[in-house]
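The values are calculated or read from the model by the stated rules, or taken from the named source; none is laboratory data. This structure is a prediction, so every number in the text was calculated from the model and none was measured. Note that each Cβ is placed from the backbone with ideal geometry, even for glycine, and that neighbours are counted across all protein chains shown.
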Amino acid sequence: MQGFSGSRCVRSTVTNQFKLLNNSLPFNKYAFLTTHNAFAIDEYPSHTGVPRITVTNQEDSITEQLNNGARALMLDTYDFRGDVWLCHSFKGHCYDFTAFVCTLIPR
């Protein structure tokens, strides 16, 4: 990246953090790698019938995120079309063009 002199995230191998750290602390004292809007994946197909016009945050599938070391997933859930959907939206509303997937099993 031209002109950028700071640190940058790069892909690496997964490390078992409990082998590196003192594992005697309580669970709530550890930090876990978390992916933000884990479901907002590049090139994920639209499930609403309209093209999605929203920002994506991830290049990897959920499985790949976990295989790459993520141990927590941030998921934004919305009441949309009478079901629970994962949306990358704004102002508390999910729209056809910001919805990613319905989280419930079809009835």
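Residue-level check: of (1) at pLDDT below 90; (2) of a type in the set (S, T, N, Q); (3) surrounded by 14 or more Cβ atoms within 10 Å (Cβ to Cβ), ASN57 misses just (1).
Would you call SER89 of a type in the set (Gly, Ala, Ser) and surrounded by 15 or more Cβ atoms within 10 Å (Cβ to Cβ)? Show your work before the answer.
Working: of a type in the set (Gly, Ala, Ser): yes; surrounded by 15 or more Cβ atoms within 10 Å (Cβ to Cβ): yes.
Yes; evaluated as a whole, the condition is true for this residue.
Restricting ALA99, ALA70 to those that are modelled with pLDDT of 75 or more, surrounded by 14 or more Cβ atoms within 10 Å (Cβ to Cβ), at negative phi and in contact with a Lys or Arg (Cβ under 8 Å, 6 or more places away or on another chain) reduces the list to ALA99. Of the residues THR13, THR35, the single one that is in contact with a helix residue (DSSP H, G or I) (Cβ under 7 Å, 6 or more places away or on another chain) and either more than 17 Å from ALA72 (Cβ to Cβ) or at pLDDT 70 or above (or both) is THR35.
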